[in-house]
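Dumping the structure here so I can ask a few things about it.
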Amino acid sequence: MIDLYYWTTPNGHKITLFLEESGLSYRILPVNIGQGDQFKPEYLRIAPNNRIPAIVDHAPQDAGAPLALFESGAILLYLADKTSHFIPSDLRGRNDVLQWLFWQMGGFGPMAGQNHHFVQYAPEKLPYAIERYVKETARLYGVLNKQLSDGRAFIAGEYSIADMACFPWIVPHDRQQQDLTDFPYLKAWFERIQQRPATRRAYDLARKINQTPVVNIESRSVLFGQDASTVRR
């Protein structure tokens, strides 16, 4: 059994995509980040960076004590290795998937996240910041579109954790001021994943857990008002 500490954000969706695809037994423990659940001491023992998602695997492969992990990329890689699914076993295939997973974690996710913040949530509209992150998001869409332009169905050939990592960050493309018709190969890839039964189940589950915006007037100070004092509590 996997305990998934989850909320309805792109990083949270990555893990439900994997779990629904793999058939692993899991239960969701909601962490309402808009209400500050991520700062509860019992959660911080699992996820010291006070972010979602996190997991606890009660049946790790070494048959030892339950294993806790935070960071969505690390969780995807752990689950892929645990199940021997959605990551190739050969040297070249595995590292092809890993480089695109790290590309999402180190570039695409953070840049799209800044896009979300300055376009949608910043209390003051800053034209320079908006232009900077909208353009950078478009550049990264272009990188992914080029990768898919050789006729491959998925980022690294077969459907993998690289696709699961990237897809949820493209779901809000309208809010990122991106037009998928500008990226035809990416658009076809996006629609291909969108139609997968496991993808539909994952997003149906999200709607059952939370139907309100993650960011609203009440949650802004919780989500955007943290500094080093948060860690010292």
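Read-outs: derived from the displayed coordinates by stated rules, not from any lab. Nothing here was measured: the structure is a model prediction, and the numbers come from that model. Virtual Cβ from ideal backbone geometry, glycine too; neighbours counted across all protein chains shown.
Would any residue of the range 173-210 have its amide N under 18 Å from a label point 7 Å out along Cα→Cβ of K146? List them or say none.
182-187
So how far apart, in nm, are the two label points at E71 and R92 if each is 7 Å from Cα heading toward Cβ?
Here the modelled spin labels are 2.8 nm apart.
Rounded to the nearest 0.05, what FRET efficiency do E42 and F224 give with R0 = 25 Å and r taken as the Cβ-Cβ distance? Could you check?
The computed FRET efficiency comes out at 0.60.
Let me ask something else about it. What is the dipole size for the range 1-97, taken about its Cα centre, with +1 at each Lys and Arg Cβ and -1 at each Asp and Glu Cβ, in debye to the nearest 20?
It comes to approximately 180 debye.
Taking the Cα centre as origin and putting +1 on Lys and Arg beta-carbons and -1 on Asp and Glu beta-carbons, what dipole magnitude results for the range 120-233, to the nearest 20 debye?
I would put it at about 300 debye.
Would you tally the net charge around C166, using a Cβ to Cβ cut-off of less than 15 Å, leaving C166 out, and scoring K and R as +1, D and E as -1?
Within the 15 Å Cβ shell, the charges total +2.
Please give the calculated 222 nm ellipticity per residue for the chain, where each DSSP H segment of at least 4 residues contributes -39500 (n - 2.57) and the sum is spread over every residue; nearest 500 deg cm²/dmol? Walk me through the numbers on the way to the answer.
On the way: 11 runs with 115 residues, N = 233.
Helix contribution divided over all residues of the chain: -14500 deg cm²/dmol.
Okay, next question. Which one of S25, A47, Y5 has its Cα pushed farthest toward the positive end of the charge dipole of the range 1-57, where Lys and Arg give +1 and Asp and Glu give -1 at the Cβ?
A47
Using +1 on the beta carbon of Lys and Arg, -1 on that of Asp and Glu, and nothing else charged, what's the dipole of the chain about the Cα centre, debye to 20? Can you show the working numbers first?
Details: 25 positive and 24 negative charges, 58 e Å.
Computed about the Cα centre, the dipole is about 280 debye.
Where a Cα-Cα gap under 25 Å defines reach, which lysines qualify for K135, not counting those fewer than 8 residues away within the same chain?
K14, K125, K146, K187
For the chain, modelled as a GNM with alpha-carbon contacts under 10 angstrom, which of P123, P30, P53 fluctuates the most?
P123
Which order do the peptides 188-195, 133-140 take when ranked by the mean count of other beta-carbon atoms within 10 Å per residue, highest first?
Packing order, densest peptide first, comes out as 133-140, 188-195.
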